[in-house]
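What follows is a single structure, written as structure tokens, with notes after it.
Rule-based calculations on the coordinates, nothing more; no lab input. Values in this document were obtained by computation on a predicted structure and should not be read as measured data. Because the Cβ atoms are built from the backbone with ideal geometry, glycine has one as well, and the counts that use them run over all protein chains shown.
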Amino acid sequence: MFRLRNYLLTGAAVILGLTGIARADIYNPTWAVTAWTTTTGTIGGTNFINGAGAPPPAPTYALASFAYSGPLNFDNPNSQSQPNLFSDFFTNKSAISGFTSNISETSFLGTTMSSAGSSNYTYLQFTLEGPDTSVPSGTTVTITHDDGASSYANGVTVTSSPGETPEVSDTGMLPAGLLTSFVVDYVEANGAPAVLKVDVPEPGSLALLGTGLLALGLIIRRRQKTL
């Protein structure tokens, strides 16, 4: 019983410690965003319509770059014949800062991301900013997207679905330990809808399990003292 109590208390401490690891970069992230748009079918001479993956287009051809604060949770539910502007995608305008472009932010948001066909499409790259953070073993990420999207952690592919597709969800495993980089590449093509959502499960379930183990360990210790 003594050993069981110690195992429970140790396990609780480990799990609660993991949930306390600084993962604000994932749950309250800031992203460096680069946007490329074309109406000719190519960006810098290359067709990326089915190429949502490394390497992205050269920065020289970017339409805009900026910081975006908050989770990637974008959903323009319009049909293909309806508007598909950047403003329909980046609906939380206050989350955008540090905007850099040859056009104004208003003009950028009024630009069409993609339209029916293969000539007009947009490539977006989201790079997680902030200090390196520790990630517990078993942490997954789910990318929901329409059209192509791929993700990379520490330079290793986590999810890969680079081509045009109806809305789908891909789940991959983040590397355990120090997360030094996380990148999402996304291509929006062939008109609305436009969907990109990145979900990393909240650590609440781990915290609940840790609290339960801690409580059980304390109950066992209390009962031992009364015997």
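Counting only Cα atoms, region 23-202 measures 43, 31, 30 Å along its principal axes, largest extent leading. Placing dummy labels 7 Å off each Cα toward the beta-carbon, the span from ASP75 to ASN28 is 2.4 nm. Working from label points 7 Å from Cα in the Cα-to-Cβ sense, the GLU129 to PHE99 distance is 1.6 nm.
Here the simple spin-label model places points 7 Å from the Cα toward Cβ, and for THR40 and SER87 these points are separated by 2.8 nm.
Take the Cβ-Cβ distance between SER118 and ALA54 as r, set R0 to 22 Å, and report the resulting FRET efficiency rounded to the nearest 0.05.
E between SER118 and ALA54, to the nearest 0.05, is 0.55.
Estimated at 0.36 nm per residue, the fully extended path between MET173 and ASN154 surpasses their Cα-Cα distance by 5.6 nm. Close amide H pairs (under 5 Å, H built 1.01 Å from N) link ALA64 with ALA35, residues at least 5 positions away or on another chain.
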